[in-house]
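Engineer: There's a structure below that I have some questions on.
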Amino acid sequence: MELILLRHGKAEDSHPQGDGARALVDKGRKQARRAGRILKAADGAPEIVLTSPLQRAVQTAEEFCHGAGIPGPVLQGWLACGCMPETALAELAAFHDFKRVAIVGHEPDFSRIIQWCLGAYGTAIEMKKGALAGIRINPPSRFGTLLYLVPPKLNDKETEQR
């Protein structure tokens with residue numbers, strides 16, 4: 001499968017109801033829609049989008065789906081903050097019938113997943129807010145191939161030129 005990782009977009013710094021209720025700011029919504037449009041234009045939109053249940057991730061996933069022109073996301077509790085690579089790949093094995101699966105979540109979880117799948121350690125990979133990454137992998141198998149890593153600044157510049 002092609003696993004697409006999308007870190008949630010820029011969100012509020014804090015929320016009275018706690019971290020899980022932090023919402024996207026306008027920039028974060030734009031980042032997510034642009035990411036969806038980029039993959040759609042490259043004929044790389046996922047067949048299914050799985051998201052962390054935290055507000056900022058859900059909103060990112062919804063905006064991404066809108067930008068890509070695909071059905072809305074599916075909530076997955078295992079994608080909440082603190083998701084370990086082994087858990088992610090074990091859970092993703094249930095989606096083996098899909099050619100492309102996107103997951104929307106958090107740091108440092110996504111950097112750890114990518115590093116673990118590539119056999120890289122330390123600070124080799126950093127997923128900024130709104131960044132996209134693609135890995136070819138066959139869950140629950142550990143090792144994969146990095147297909148792309150699109151930082152949010154490139155995402156912003158690419159779509160501004162259209």
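The values are calculated or read from the model by the stated rules, or taken from the named source; none is laboratory data. Quick caveat: nothing in here was measured; it's all calculated off a predicted structure. Methodologically, a virtual Cβ is constructed for each residue, glycine included, from the backbone with ideal geometry; neighbour enumeration extends over all protein chains shown.
Engineer: Select, from Lys99, Lys129, Lys40, the only residue that is among the basic types (Lys, Arg) and crowded, with 17+ Cβ neighbours inside 10 Å.
Structural biologist: Unique residue meeting the criteria: Lys129.
Engineer: Okay, moving on. Given Gly36, Gly18, which one is of a type outside the set (S, T, N, Q) and at pLDDT 95 or above?
Structural biologist: Values: Gly18 fails: at pLDDT 95 or above.
Among Gly36, Gly18, only Gly36 is of a type outside the set (S, T, N, Q) and at pLDDT 95 or above.
Engineer: May I pose another question? Quick one: is Glu158 modelled with pLDDT under 90, surrounded by 14 or more Cβ atoms within 10 Å (Cβ to Cβ), closer than 16 Å to Ala42 by Cα and of a type in the set (D, E, K, R)? Break it down stepwise before answering.
Structural biologist: Numbers: modelled with pLDDT under 90: yes; surrounded by 14 or more Cβ atoms within 10 Å (Cβ to Cβ): yes; closer than 16 Å to Ala42 by Cα: yes; of a type in the set (D, E, K, R): yes.
For Glu158, the condition - modelled with pLDDT under 90, surrounded by 14 or more Cβ atoms within 10 Å (Cβ to Cβ), closer than 16 Å to Ala42 by Cα and of a type in the set (D, E, K, R) - is met.
Engineer: Out of (1) surrounded by 17 or more Cβ atoms within 10 Å (Cβ to Cβ); (2) over 19 Å from Trp78 (Cα atoms); (3) aliphatic (A, V, I, L, M), the odd one out for Leu146 is which?
Structural biologist: (1)
Engineer: Within the range 14-27, can one find any residue that is touching a Pro at 6+ places or on another chain (Cβ under 8 Å), surrounded by 15 or more Cβ atoms within 10 Å (Cβ to Cβ) and over 15 Å from Glu107 (Cα atoms)?
Structural biologist: Checked against the condition, which is being touching a Pro at 6+ places or on another chain (Cβ under 8 Å), surrounded by 15 or more Cβ atoms within 10 Å (Cβ to Cβ) and over 15 Å from Glu107 (Cα atoms), the range 14-27 yields no hits at all.
Engineer: Tell me which residues, restricted to the range 2-37, are farther than 18 Å from Arg136 by Cβ and among the β-branched types (Val, Ile, Thr).
Structural biologist: Within the range 2-37, just Val25 meets the criteria.
Engineer: Quick one: Ala93 ticks every box in (1) surrounded by 14 or more Cβ atoms within 10 Å (Cβ to Cβ); (2) closer than 28 Å to Pro140 by Cα; (3) of a type in the set (Gly, Ala, Ser) bar one, so which box is it?
Structural biologist: Here Ala93 clears every test but (1).
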